[in-house]
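Asker: Let me give you the structure first, and then I'll get to my questions.
The values are calculated or read from the model by the stated rules, or taken from the named source; none is laboratory data. All of these numbers come straight from a predicted model, not from anything done at the bench. We place every Cβ from the backbone using ideal geometry, glycine too, and count neighbours over all the protein chains shown. Protein only, heavy atoms only, side chains kept; ligands, DNA and RNA dropped before computing areas. Shrake-Rupley method; radii C 1.70, N 1.55, O 1.52, S 1.80 Å.
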Amino acid sequence: MNVPIKNVSRRSVLKGAGAATGLVLAAPMISNFVVAEATGSHNFSSSVYLSMDMDGTAHIYIHRVEMGQGSRTGLPQIIADELEADWDRLVFEPAYGDKKFGDQNTDGSTSIRKYYDIFRAAGASARMMLEQAAAHKWGIAVGDVEAKNHRIINKLTGASEDYSAFVAAAAKLEAPGADAVKLKSKAKRTYIGKPKQNIYMQDIITGNSQFGQDTMREGMLFAVAARPPSVGGTVTAFDKAAAMAVAGVVDVVELPALTLPAIFKPLGGVAVLATNTWAAIKGREALNAQFEGGPNGDYDTKAFEKTLWQNIDGKSTPHLKRGNCAAALEVADKTYGADYFVPHLNHAPMEPPAATAEWQGDTLKMWVCCQDPQSVQGAVAPFVGVKPEDIYVEATLLGGAFGRKSKPDFAVEAAILAKQAGRPVKMIWTREDDMHHGYFHTISAQRVEAGVKDGAVTAWKHKAAYPSISGTFNPAADGPSGFELSLGLTDLPFATPNLQVDTGAAKAHVRIGWMRSVANIHQAFAVGSFVDEIAQGEGKNTADLWMEMIGEDRMISPASDVVGHDPANPQGPGYANYGESLERHPIDTARLKAVLAKVVDISGYGKTMPKGRGMGISVHRSFVSFVACAVEVAVSDDGTFTIPRAWIVVDCGTYVNPDRVKAQMEGAVLFGISIAKYGEITASGGAIEQNNFDSYPVSRMSDSADVEVVIMENDAPPGGVGEPGVPPVAPAITNAIFQATGKRIRRLPIGNQLAI
Amino acid sequence: MKFKINGHAATYEGDGDMPLLWYVRDIAGMTGTKFGCGEGLCGACTVHVDGVAVRSCQTAMEDVEGRDVKTIEGLAKGDTLHALQDAWAEHNVPQCGYCQSGQIMQAASLLAENPNPSDEDIDIAMEGNICRCGTYQRIKAAIRDVAGNKGTGGAS
Ligand code: FES
Ligand code: FES
């Protein structure tokens, strides 16, 4: 255990200010940690993750946000387990944005995997200090006491006393320190690995949960804005008087025009402030705002798709090279080739973005459905002339996010408007705003070729062209980045002797963002589809071909095949592994094959299906977890189809809340169904053509599958859960459709392709 | 105009065209009823008017004159939750929770009208309520539980 814990309260006790503070623990381990000095007057803000009142009430500071993934239930489970806490004596304190909490960016499926050790150590330290205080009080050896469910037991007599009896004494002790922290054995776990209900359940089912759209402040105005349809466009005219004439409209304010790069800056346009949302929306209509398109004013996705295919035909930039693909393809007995296309997608979280800002004198307070309150601080600060650390940002609950709410452009708008209005302002994005002004998933073309010799796949050549997320930060970016290729391409798990990954150019014309599982979405679609295509061509079971191509049990180190990789220069080209070391989170082919074998086992994949039915399968590692998915489709004569059943097997290493892991897998299947069946954002004349859930459908009840989830049991360190369920779903669906109909879908969404 | 909201008398003097959604959220300050699309496409804003589920974003204030409006905040009877609310907790239905007020109000209206719905009845009644987190399977299981219909397969 390598997590130094320091008892912050000790110093405050020495200063004489700690009487009411009790025990406060900080884990000053992460590089950007600033462990706050405890002060008696702000006893809670002085703690980092855990503090205990004199009556034994434990406060857990949940620094990550909750968007449905369950982190705000899982993180307390970790700390409470090691603390031997009584769940009913916990108080959950949702954290505001502050560097002292470490990384709060709730993104990349990181909350549990990055904080598991730290939260365990924090809980264990507090437990050990309480034990030590009890042993001292009773005059017995610390080995003769044991913490259990908020009490310390005297093992010699069987007597026990509540934690509250020891808090004051424990607060005066030194924390045990990194090397001395004793974690509980797996057999004694009370919360880790056990299902736990969402801590917000009662509020959700009674309508009392507070999302970003729900913030209400005294004297608050409601704002909506008319924004330029294309990124970098500008306002040319608007009718302020007409908007002001709408009952309830209080003001019309022009927002600063966007200067590229877009980053998280607001898009510009004109805001209407009113006494209620309806009046603001009517005022916006009356504005009749006119725009000039700017540098992306003629973006047209149909034309751009042609450009992408030209770039697939054109110059290649090499990224991964093993053996000699060209030569192997030359001598192959049989070659395969296919082109795959995935359009722009939108996150479309159920709750459109919203942020509330209130100035109290020179101090700015904000309530935002954001994935990272610190990035809100950073994005807002330069627009309002205050220091990031001086902005108080509370992350409300998020009504879904999927990556959209890591980009706080909407929060900047609220802060600017509240400053101007001199009153609190809630900036509300409507569904149309969310569709038109997203940070879209990229638009991608991929060409894959393979060679088979003597029954074995000997070459896999993959070329991808798509605008990079980097384009949002640097408009010169031209094609996929190494980071994006690390999400499913440079880590292709194949033993195939000849392997090549190239890219083609592609510039971004909208803000490209990361969406739940990011580049894995399109990359796993191409890979999962193409393995199935080869298997069908070779007359093999697709799962068997996966097993052959993955090959022997081993740990893969992709970097050695990455073009330009130099072991002496870790900052250069390489393999990102989701920010983790390969030692801790290896690409373990045995685990990849195990989830695949398990999904075959529970789904019966490979059995003969009745007419109109088909099964498909795929497997993928992402966010250092391994997921295999099988689906069954039922296709009608008119080309419509349903997905009666799906099976999904996840190996995320050590898991904390199995019910939430299951829920994330069920949700990932539905998210994957939306991508496969419906998802498509298009642009014409620089403007996004989809407006709402009529033109951008997402899965509904009738699209829902009965999903069976299996979680693999092992003691590996925790992996990601929120995202890795998504990538294998879409290819499993289109593979199932091929089995049912003989029609190969290489272009998403499936839409009505089966009807033609 | 006069109407009732969660059993209490209420009056409203403004624009009769304003959707009930914005009255409930912005003026009455009850934010349990959610805004998802504003176009009748998602069901997040579902409330009951005279006991029947409606989309509050598509219901003008002038149409609630003299009616009885119930929102998620008024579904429980005092401290006693509606059976669906209990079932929702039992099945751990919500992920983010944003759609769930609307889902529960829609399901409550279904059961009030048809206490023993078939799976197909459930599908049809719930089709207008989007859950972007994908909790449909558990929603269905929770409704089946309350309806005493164990349905076929898949309940979690
Ligand atoms: S907000 Fe009313 S149906 Fe979506
Ligand atoms: S629980 Fe998140 S949208 Fe339904």
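Asker: Any residue in the stretch B:74-91 that is within 13 Å of another protein chain (Cβ to nearest Cβ), open to solvent by less than 40 Å² (accessible area, probe 1.4 Å) and within 16 Å of ligand 1 (Cβ to nearest atom)?
Answerer: no
Asker: Taking the stretch B:23-33, which residues are within 7 Å of chain A (Cβ to nearest Cβ) and among the hydrophobic types (A, V, I, L, M, F, W, C)?
Answerer: Residue satisfying the conditions is B:ILE27 alone.
Asker: Have a look at A:ASP651, A:ASP566 and point out the one that is open to solvent by 10 Å² or more (accessible area, probe 1.4 Å) and among the acidic types (Asp, Glu).
Answerer: A:ASP566
Asker: Name, by its number, the condition in (1) more than 14 Å from every other protein chain (Cβ to nearest Cβ); (2) within 16 Å of ligand 2 (Cβ to nearest atom) that does not hold for A:ASP434.
Answerer: With respect to (1) more than 14 Å from every other protein chain (Cβ to nearest Cβ); (2) within 16 Å of ligand 2 (Cβ to nearest atom), A:ASP434 is out only on (1).
Asker: Quick one: which of A:VAL661, A:VAL633 is open to solvent by less than 30 Å² (accessible area, probe 1.4 Å), more than 25 Å from the chain's Cα centre (by Cα) and over 28 Å from A:GLU552 (Cα atoms)?
Answerer: The unique qualifying residue is A:VAL633.
Asker: Only one of these conditions is not met by A:LEU130: (1) open to solvent by less than 10 Å² (accessible area, probe 1.4 Å); (2) in contact with a Pro (Cβ under 7 Å, 6 or more places away or on another chain); (3) in contact (Cβ under 8 Å) with a residue 12 or more places away in the chain. Which number is it?
Answerer: So the condition that A:LEU130 fails would be (2).
Asker: Would you check if there is a residue in the stretch B:134-155 being within 7 Å of chain A (Cβ to nearest Cβ) and hydrophobic (A, V, I, L, M, F, W, C)?
Answerer: No, the stretch B:134-155 has no match at all.
Asker: Output the residue which, of all residues in the stretch A:664-704 that are farther than 22 Å from A:GLN197 by Cα and of a type in the set (Asp, Glu), is least open to solvent (accessible area, probe 1.4 Å).
Answerer: The residue in question is A:ASP703.
Asker: Among the residues of the stretch A:371-381, is there at least one that is out of contact with any Ser or Thr (no Cβ under 6 Å at 6 or more places or on another chain), within 16 Å of ligand 2 (Cβ to nearest atom) and within 14 Å of chain B (Cβ to nearest Cβ)?
Answerer: Checking the stretch A:371-381: not a single residue is out of contact with any Ser or Thr (no Cβ under 6 Å at 6 or more places or on another chain), within 16 Å of ligand 2 (Cβ to nearest atom) and within 14 Å of chain B (Cβ to nearest Cβ).
Asker: I'd like to know if the stretch A:172-183 contains one or more residues that are in contact with a Phe, Trp or Tyr (Cβ under 8 Å, 6 or more places away or on another chain), in a loop (DSSP other than H, G, I, E, B) and among the β-branched types (Val, Ile, Thr).
Answerer: Among the residues of the stretch A:172-183, not one is in contact with a Phe, Trp or Tyr (Cβ under 8 Å, 6 or more places away or on another chain), in a loop (DSSP other than H, G, I, E, B) and among the β-branched types (Val, Ile, Thr), which makes the answer no.
Asker: Still on this structure, please answer the following. Taking into account only those residues within the stretch B:13-22 that are more than 7 Å from every other protein chain (Cβ to nearest Cβ) and open to solvent by less than 20 Å² (accessible area, probe 1.4 Å), which is nearest to B:GLY128 (Cα to Cα)?
Answerer: B:LEU21
Asker: Shifting gears a bit: Could you please give the count of residues in the stretch B:128-148 that are within 16 Å of ligand 1 (Cβ to nearest atom) and either out of contact with any Gly (no Cβ under 9 Å at 6 or more places or on another chain) or open to solvent by less than 10 Å² (accessible area, probe 1.4 Å) (or both)? Full working, then the answer.
Answerer: Step one: list which residues in the stretch B:128-148 are within 16 Å of ligand 1 (Cβ to nearest atom), which gives B:128-133.
Within this subset, residues satisfying the condition of being either out of contact with any Gly (no Cβ under 9 Å at 6 or more places or on another chain) or open to solvent by less than 10 Å² (accessible area, probe 1.4 Å) (or both) are B:129-131, B:133.
Qualifying residue count, the stretch B:128-148: 4.
Asker: Hey, another quick one. Does A:ALA124 satisfy the criteria of being under 23 Å from A:GLY74 (Cβ atoms), in contact with an Asp or Glu (Cβ under 9 Å, 6 or more places away or on another chain) and in a helix (DSSP H, G or I)?
Answerer: Judged against the criteria, A:ALA124 is a match.
Asker: From the residues in the stretch B:32-55 that are of a type in the set (Val, Ile, Thr) and within 16 Å of ligand 2 (Cβ to nearest atom), which one is nearest to A:ALA223 (Cα to Cα)?
Answerer: Just the residues of the stretch B:32-55 that are of a type in the set (Val, Ile, Thr), to begin with: B:33, B:46-47, B:49, B:52, B:54.
Adding the requirement that they be within 16 Å of ligand 2 (Cβ to nearest atom) leaves B:33, B:46.
Numbers: B:THR33: 19, B:THR46: 23 Å.
That would be B:THR33.
Yes/no matrix, rows are residues, columns are (1) buried (at least 24 other Cβ atoms within 10 Å of the Cβ); (2) within 11 Å of chain B (Cβ to nearest Cβ); (3) modelled with pLDDT of 95 or more; (4) outside any loop (DSSP other than H, G, I, E, B):
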| site | (1), (2), (3), (4) |
| --- | --- |
| A:GLN197 | no, yes, yes, no |
| A:GLN202 | no, yes, yes, yes |
| A:ASN208 | no, yes, yes, no |
| A:GLN213 | yes, yes, yes, yes |
| A:PHE222 | yes, yes, yes, yes |
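Asker: Would you be able to say whether some residue in the stretch B:62-73 is within 12 Å of chain A (Cβ to nearest Cβ) and away from ligand 1 (no atom under 15 Å from the Cβ)?
Answerer: There is at least one residue in the stretch B:62-73 that is within 12 Å of chain A (Cβ to nearest Cβ) and away from ligand 1 (no atom under 15 Å from the Cβ).
Asker: Let me ask something else. Scanning for something facing another protein chain (nearest Cβ under 9 Å) and either touching a helix residue (DSSP H, G or I) at 6+ places or on another chain (Cβ under 7 Å) or in contact (Cβ under 8 Å) with a residue 12 or more places away in the chain (or both), does the stretch B:110-122 turn up at least one residue?
Answerer: Yes, the stretch B:110-122 contains a residue that is facing another protein chain (nearest Cβ under 9 Å) and either touching a helix residue (DSSP H, G or I) at 6+ places or on another chain (Cβ under 7 Å) or in contact (Cβ under 8 Å) with a residue 12 or more places away in the chain (or both).
Asker: Return only the number of the condition from (1) open to solvent by less than 10 Å² (accessible area, probe 1.4 Å); (2) in contact with a helix residue (DSSP H, G or I) (Cβ under 8 Å, 6 or more places away or on another chain); (3) in contact (Cβ under 8 Å) with a residue 60 or more places away in the chain that A:VAL270 does not satisfy.
Answerer: Evaluating A:VAL270 over (1) open to solvent by less than 10 Å² (accessible area, probe 1.4 Å); (2) in contact with a helix residue (DSSP H, G or I) (Cβ under 8 Å, 6 or more places away or on another chain); (3) in contact (Cβ under 8 Å) with a residue 60 or more places away in the chain leaves (3) as the failure.
Asker: Is it fair to say A:ILE152 is modelled with pLDDT of 95 or more, open to solvent by less than 40 Å² (accessible area, probe 1.4 Å) and outside the structural domain of A:LYS405 (by TED's automatic domain parsing)?
Answerer: Yes, satisfied.
Asker: Give me a count of the residues in the stretch A:435-490 that are open to solvent by less than 20 Å² (accessible area, probe 1.4 Å), aromatic (Phe, Trp, Tyr), in contact with a helix residue (DSSP H, G or I) (Cβ under 9 Å, 6 or more places away or on another chain) and not in a loop (DSSP other than H, G, I, E, B).
Answerer: Counting residues in the stretch A:435-490 that are open to solvent by less than 20 Å² (accessible area, probe 1.4 Å), aromatic (Phe, Trp, Tyr), in contact with a helix residue (DSSP H, G or I) (Cβ under 9 Å, 6 or more places away or on another chain) and not in a loop (DSSP other than H, G, I, E, B) gives 1.
Asker: Name the residue that is nearest to the other protein chains (Cβ to nearest Cβ), counting only residues in the stretch B:34-58 that are more than 9 Å from ligand 1 (Cβ to nearest atom) and buried (at least 21 other Cβ atoms within 10 Å of the Cβ). Walk me through it before giving the result.
Answerer: First, the residues of the stretch B:34-58 that are more than 9 Å from ligand 1 (Cβ to nearest atom): B:47-54.
Right, trim to buried (at least 21 other Cβ atoms within 10 Å of the Cβ) and you get B:47-48, B:53-54.
Numbers: B:VAL47: 10, B:HIS48: 13, B:ALA53: 14, B:VAL54: 16 Å.
Among them, the one singled out is B:VAL47.
Asker: Sticking with this structure for a sec: Looking at the stretch A:714-742 only, could you name the residues that are under 20 Å from A:GLY70 (Cα atoms) and open to solvent by 10 Å² or more (accessible area, probe 1.4 Å)?
Answerer: Correct list: A:PRO717, A:VAL721, A:GLY722, A:GLU723.
Asker: If you take the residues in the stretch A:325-357 that are of a type in the set (A, V, I, L, M, F, W, C), closer than 30 Å to A:ALA418 by Cα and outside any loop (DSSP other than H, G, I, E, B), which one is farthest from ligand 1 (Cβ to nearest atom)?
Answerer: Applying the filter and picking the extreme gives A:ALA357.
Asker: Please indicate, with yes or no, whether at least one residue in the stretch A:597-611 is more than 16 Å from ligand 2 (Cβ to nearest atom) and within 11 Å of chain B (Cβ to nearest Cβ).
Answerer: no
Asker: Just to be sure I understand, how many residues within the stretch A:507-553 are open to solvent by 10 Å² or more (accessible area, probe 1.4 Å) and free of Cβ contacts under 8 Å to residues at least 24 places away in the same chain?
Answerer: Qualifying residue count for the region: 3.
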